[in-house]
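A.B. asks: Once you've had a glance at the structure underneath, I'll fire off some questions.
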Protein chains: 2
Amino acid sequence: MEINIQKRVLEANETQADINRNFFKEQNVFVLNMMSSPGSGKTQLLCRTLTTLLPGVRTGVIVGDVCTRNDADRLEVTRAKVIQINTDQFGGDCHLAAPLILDSAKEIGCEDLDLLIVENIGNLVCPAEFDIGEDEKAVVLSVTEGEDKPLKYPLMFRVADIAILNKIDLLPYLDFDAKLAVDNMKQVHPGLPVFEMSAKTGEGLDPWIEWLKIKVFEKTGR
Amino acid sequence: MEINIQKRVLEANETQADINRNFFKEQNVFVLNMMSSPGSGKTQLLCRTLTTLLPGVRTGVIVGDVCTRNDADRLEVTRAKVIQINTDQFGGDCHLAAPLILDSAKEIGCEDLDLLIVENIGNLVCPAEFDIGEDEKAVVLSVTEGEDKPLKYPLMFRVADIAILNKIDLLPYLDFDAKLAVDNMKQVHPGLPVFEMSAKTGEGLDPWIEWLKIKVFEKTGR
C-alpha cells in the first residue's frame, strides 16, 4: 500500500516539476539542486561560493530546513537573495517538493538572477526522489561520513550530475580512504564528476566555481 | 493531499507497532531503536558496544540500510546475532517501518536475547516519525555535523530517550562547541540524557554501557 501511495505522490510532484522547468526556462536562470546528509557543510560551501560569484554571477538561494532560519541568516551576510523554507508547517517534510519551489522562486524574483541554488533538506534518501524542475543536481558528501555511503544510498549518487567531496582538511585525522569513496561514487554512477574540496579552507574550490560559471553561461548565454 | 496520505501511513504503522510491543513484552527482551544521520558512527559504536556486552548481555541487532549488507558484515565479527534489512526492495524506504521489524525480530529469535538493538536507516527526519514498538529510542549526533542540528531536526531529539554525541576525538580539529550542541538538545528536549563519547577510541563509553545494562535489567529482570 505504502509503495502505491508513494508512487502517486511522486507522479503529482513530477507534473509540477515540469511546470517549474518551463518557468525557469522562461526566466532564463540556471537552477542547481544541492543535496546531502545533515552537516555535510552545504551552507559553509554556499557562503564561500556566493562570496566568490557575486556580484558577477547574480545568485539567489532557496534554503530548505524542517525548522529554523539559521542557514538563511548565515547566507544573507553574502548579500545574496535568500529565501528560507521551513517544512514543519507542511508535516515536517523530509524533502523539498516541486510546488514549494515554484512559490519561492516567484517570491525571490528570478528575472534578476543568473543562478538559483536550492539547498535541500539534509537527507541522503528522500530528496533524491523529488524532481524540482532543476537543471542539474549536486550531492555533497563529507569525508567524516565514511567511504561506503555511495553504495548504501545509491539513488542519490545515481541522480546527481556532480558530486562534491567536502571537508578534505580533516583527512589527516580520519581513517578515510578518499580514493575508495570516489571509486564507490563512480561504481554507482560511472563518469560522475567529483570535486574534492574544503569549504572551510577554500582548498579545491576553483574547479567547482568554474563548473558553475560554465553551466550558467551554457543555459543563459551570460 | 500528501499530509493526509502520510497520516494514514503513520496510523497503519502505529497499529503494527502496538503488535510489536506486545511481542517484545512476551519475549521479555529490551528493544532500543538507534537513529542518526548517515555517517554518525552508529555501526562503529555498536561494534564496540557488542564486544563489551557479549556474552553477558545476549544482544542481537537488526540493521537497516537502503542497500548493501556492509553494516551487518562489520557487526557479525562481534559474534552477535545480526539481521540486515535492505529497503530497496520496498521502494527504497527512508526508514524502518513496524511490519519489517516484527518479521526480522521473529527471524532473529528473541527468546535467546536480553537486548535487541535496531540500527535504523541513516536519516535524521523520517525514522523519528515511525514507532517500531521499541522500548526506547536513542539518537546519535556526530560532532562533525554542527551544533544546530537539534534545532533544525527537533522531532528526532524530542522523541529520543537518550542522545549520544559521538566522535569527540575530532573536537581539537573542528570549530564545534560541544556545550552549545548539548544545550540545543536540551532546549528541544529538557532533561534529555546525553552521553559524550568516541566510539573510535572508547572514551566516554562506560556510562552508555551502564545505561544499557540498567535498562535491560529493568525490563527483563536479568
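A.B. asks: Would you mind stating whether B:Val118 is within 13 Å of the chain's Cα centre (by Cα) and more than 30 Å from A:Thr43 (Cα to Cα)?
C.D. replies: In short, yes.
A.B. asks: Residue under question is B:Val29, and the condition is that it be surrounded by 24 or more Cβ atoms within 10 Å (Cβ to Cβ), in contact with a Cys (Cβ under 6 Å, 6 or more places away or on another chain) and of a type in the set (A, V, I, L, M, F, W, C); does it hold?
C.D. replies: When the stated conditions are applied, B:Val29 passes them.
A.B. asks: Name every residue in segment A:89-98 that is under 22 Å from A:Asp73 (Cβ atoms) and modelled with pLDDT under 90, in order of residue number.
C.D. replies: Across segment A:89-98, the qualifying residues are A:Gln89, A:Phe90, A:Gly92, A:Asp93.
A.B. asks: Another question about this same structure. Only one residue in B:Val57, B:Val61 is outside any helix (DSSP H, G or I) and surrounded by 22 or more Cβ atoms within 10 Å (Cβ to Cβ), so which one is that?
C.D. replies: It is B:Val61.
A.B. asks: What are the residues in segment A:65-97 that are touching a Ser or Thr at 6+ places or on another chain (Cβ under 8 Å), among the small types (Gly, Ala, Ser) and within 14 Å of another protein chain (Cβ to nearest Cβ), if any?
C.D. replies: The answer is none; no residue qualifies.
A.B. asks: Take the residues of segment B:122-140 that are in contact with a Phe, Trp or Tyr (Cβ under 9 Å, 6 or more places away or on another chain) and under 14 Å from A:Asn123 (Cα atoms): which is surrounded by the fewest Cβ atoms within 10 Å (Cβ to Cβ)?
C.D. replies: B:Ala128
A.B. asks: What's the total number of residues in segment B:142-168 that are within 8 Å of chain A (Cβ to nearest Cβ), more than 16 Å from the chain's Cα centre (by Cα), surrounded by fewer than 21 Cβ atoms within 10 Å (Cβ to Cβ) and assigned to a helix (DSSP H, G or I)?
C.D. replies: Looking only at that region, the number is 1.
A.B. asks: Which of the residues spanning segment B:119-141 are under 17 Å from B:Ala72 (Cα atoms) and facing chain A (nearest Cβ under 8 Å)?
C.D. replies: Result: B:Ile121, B:Gly122.
A.B. asks: So, in segment B:119-141, exactly how many residues are in a loop (DSSP other than H, G, I, E, B) and of a type in the set (D, E, K, R)?
C.D. replies: Residues meeting the conditions: 3.
A.B. asks: Still on this model: Need the failing condition index for A:Arg48 against (1) in contact (Cβ under 8 Å) with a residue 60 or more places away in the chain; (2) open to solvent by 10 Å² or more (accessible area, probe 1.4 Å); (3) within 14 Å of another protein chain (Cβ to nearest Cβ); (4) not aliphatic (A, V, I, L, M), just the number.
C.D. replies: Here A:Arg48 clears every test but (3).
A.B. asks: Looking at (1) among the aliphatic types (A, V, I, L, M); (2) part of a helix (DSSP H, G or I); (3) under 24 Å from B:Asp169 (Cβ atoms); (4) touching a strand residue (DSSP E or B) at 6+ places or on another chain (Cβ under 6 Å), which is the one condition that is false for B:Ala72?
C.D. replies: Here B:Ala72 meets the rest and fails (3).
A.B. asks: For residues that are farther than 22 Å from B:Gln44 by Cβ, surrounded by 18 or more Cβ atoms within 10 Å (Cβ to Cβ) and charged (D, E, K, R), tally how many sit in segment B:77-113.
C.D. replies: 1
A.B. asks: Still on this model: Taking segment B:190-211 as the region of interest, how many residues are open to solvent by less than 70 Å² (accessible area, probe 1.4 Å) and either in a loop (DSSP other than H, G, I, E, B) or in contact with a helix residue (DSSP H, G or I) (Cβ under 8 Å, 6 or more places away or on another chain) (or both)?
C.D. replies: Within segment B:190-211, residues that are open to solvent by less than 70 Å² (accessible area, probe 1.4 Å) and either in a loop (DSSP other than H, G, I, E, B) or in contact with a helix residue (DSSP H, G or I) (Cβ under 8 Å, 6 or more places away or on another chain) (or both) number 13.
A.B. asks: Quick check on B:Leu116: is it under 25 Å from B:Lys25 (Cα atoms), more than 10 Å from chain A (Cβ to nearest Cβ) and either open to solvent by less than 20 Å² (accessible area, probe 1.4 Å) or in a loop (DSSP other than H, G, I, E, B) (or both)?
C.D. replies: yes
The values are calculated or read from the model by the stated rules, or taken from the named source; none is laboratory data. Remember, predicted model here, so these are calculated numbers, not experimental data. We place every Cβ from the backbone using ideal geometry, glycine too, and count neighbours over all the protein chains shown. With ligands, DNA and RNA removed, areas are computed over all heavy atoms of the protein, side chains included. Shrake-Rupley method; radii C 1.70, N 1.55, O 1.52, S 1.80 Å.
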